[in-house]
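K.L.:
This structure is in structure tokens; I'll ask about it shortly.
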Amino acid sequence: MAVRLIAMDIDGTLLDNRHELPDDNRDAILEAQSRGVEIVLVTGRRFDFARPIAERIPCELALIINNGALIKSKTGETHLRHLLPREIAREVLRATYEFRSGAAVCFDRPRENQLIFERIDWSDAVSSGYYQRNREFIAECVPLEDCLTEDPIQVMFVGSVARMRAALGIVRNMDCSPQFGLAHTEYEHRDLSILDVISSGSSKGAALAEWAHRRGIPQSEVMAIGDNWNDRDMLEFAAVPVVMANSVAELKSLGWPVTLSNDECGVASAIRKYVLEAKEVSRK
């Protein structure tokens, strides 16, 4: 059956390694949308960090954000929200104190105090750029647990690959681990990893399945494109899963089609091959 919905990751997939949106990717997306295909951006980013990317694509689309905890429209209307219970968030923070320097708590708030850190080092060589770009959304709270006056979207940890693998081992073995979900992303070439603790049952794949159901689009007509660990269940859900050439090795070992890298406009190549050219064939 023809693809009626394309879900794509942002970082390492839609964007190139300079974090830019290639014109070729944008043009292929617009061509697919003009032919009746729904577009969904699926990302670990929160809304205000994902919206600037969405706004570079001048068409209607949905955003699955925070690794599936929320679904919003381009204008910020919330279609789905699964929050992490604050008591679970508090237990996670207490169990991971040694990783506190790379921890943050994320809330679904209009603007200020969306992302709370215990301490922000504005001079940090790795994180200062991120802090500056998100200055209006972030704040400090000591101790970090005291910010939990309401249920957050997630608890987030950022650090080196080895450090985040160690944090992952701790949270996976917590007694309350059945009460939360995990999303893990690695960029080994940058020695950067992100670990998100989200509500139980939340994931990119679960949110995509729910959104497709709401839109009346069967699984057999869904395509997904991704590059990292947190994309796996989204790719497993899609009838047409496509993996980026720059993907983590595990995804490329699962037998799914592999497109070009994010620096070679792999999203555009996949859309043309599995959507645009397929539609042309179906018309003949």
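K.L.:
Per residue of region 28-45, what does 6.51 cos²θ - 1.76 cosθ + 1.60 with θ = phi - 60° give for ³J(HN,Hα)? Whole Hz please, x for Gly and Pro, Karplus curve as stated.
P.N.:
Per residue, the Karplus-derived 3J(HN,Hα) values read 5, 4, 5, 5, 5, 5, 5, 9, x, 8, 7, 10, 10, 8, 10, 8, x, 5 Hz.
K.L.:
Where does each of 171-180, 60-69 land if you order them by average Cβ count within 10 Å, highest first?
P.N.:
Result, highest mean first: 60-69, 171-180.
K.L.:
In sequence order, what are the phi-derived ³J(HN,Hα) couplings for region 130-147 according to the Karplus relation 6.51 cos²θ - 1.76 cosθ + 1.60 with θ = phi - 60°, rounded to whole Hz, with x for glycine and proline?
P.N.:
Each residue of region 130-147 in turn: 4, 4, 5, 5, 10, 3, 6, 9, 10, 7, 10, 8, 10, x, 4, 4, 5, 6 Hz.
K.L.:
Taking the number of other C-beta atoms within 10 Å as the exposure measure, put GLU264, GLU236 in order starting with the fewest.
P.N.:
Working: GLU264 16, GLU236 12.
Placing the least packed residue first, the sequence is GLU236, GLU264.
K.L.:
Charges only on Cβ, +1 for Lys and Arg, -1 for Asp and Glu: so what's the dipole of region 86-197 about the Cα centre, in debye to the nearest 20?
P.N.:
Approximately 200 debye in magnitude.
K.L.:
Kindly write out, for region 96-105 in residue order, the coupling ³J(HN,Hα) from the Karplus curve 6.51 cos²θ - 1.76 cosθ + 1.60 (θ = phi - 60°), rounded to whole Hz, with x marking Gly and Pro.
P.N.:
Couplings: 10, 4, 5, 9, 4, 5, x, 9, 8, 10 Hz.
K.L.:
Right, something else. Under the rule of at least 5 residues apart or a separate chain, name every residue whose amide H is placed under 5 Å from the amide H of LEU5.
P.N.:
Here GLU38, MET223 satisfy the definition.
K.L.:
Order 74-87, 93-106 from most to least packed using the mean count of other Cβ atoms within 10 Å.
P.N.:
Highest mean packing first, the order is 93-106, 74-87.
K.L.:
I'd like the orientation of helix 204-214 relative to the chain: the angle between its Cα long axis and the longest Cα principal axis, in ° from 0 to 90, rounded to 10.
P.N.:
So the inclination is approximately 50 degrees.
K.L.:
Once the Cα atoms of helix 86-95 and of the chain are each reduced to a long axis, what angle between those two axes, in degrees from 0 to 90 to the nearest 10, is obtained?
P.N.:
Computed tilt is about 70 degrees.
K.L.:
What does the highest-first list of 147-156, 212-221 look like by mean Cβ count within 10 Å?
P.N.:
Highest to lowest by the protection proxy: 147-156, 212-221.
K.L.:
Here's another thing I want to ask about it. Out of residues 5 or more away from GLY181 or on other chains, whose amide H comes under 5 Å of its own, with H placed 1.01 Å from N in the peptide plane?
P.N.:
ILE198, SER199, SER200, GLY201, SER202
K.L.:
Arrange the following residues from fewest to most other Cβ atoms within 10 Å of their Cβ: ASP231, ASP196, ASP24, ASP9.
P.N.:
The order, fewest Cβ neighbours first, is ASP24, ASP196, ASP9, ASP231.
K.L.:
Now a separate question. If pairing requires two Cys Cβ atoms under 4.7 Å apart, which cysteines of the chain are left without a partner?
P.N.:
Taking the Cβ cut-off of 4.7 Å, the unpaired cysteines of the chain are CYS59, CYS106, CYS176, CYS265.
K.L.:
May I ask which residue of ILE120, VAL161, LEU148 lies farthest towards the positive end of the charge dipole of region 86-197, with charges of +1 (Lys, Arg) and -1 (Asp, Glu) on Cβ and the Cα centre as origin?
P.N.:
Result: VAL161, furthest along the dipole toward the positive end.
K.L.:
Can you list residues from other chains, or at least 5 along the same chain, whose modelled amide H is less than 5 Å from the amide H of ILE153?
P.N.:
Correct list: LEU84, CYS106, PHE107, ASP108.
Just so you know, all these numbers are worked out from the coordinates, no wet-lab data involved. These numbers come from a predicted model, not from an experiment. For neighbour counting, all protein chains shown are included, and Cβ atoms are generated from backbone atoms with ideal geometry for every residue, glycine included.
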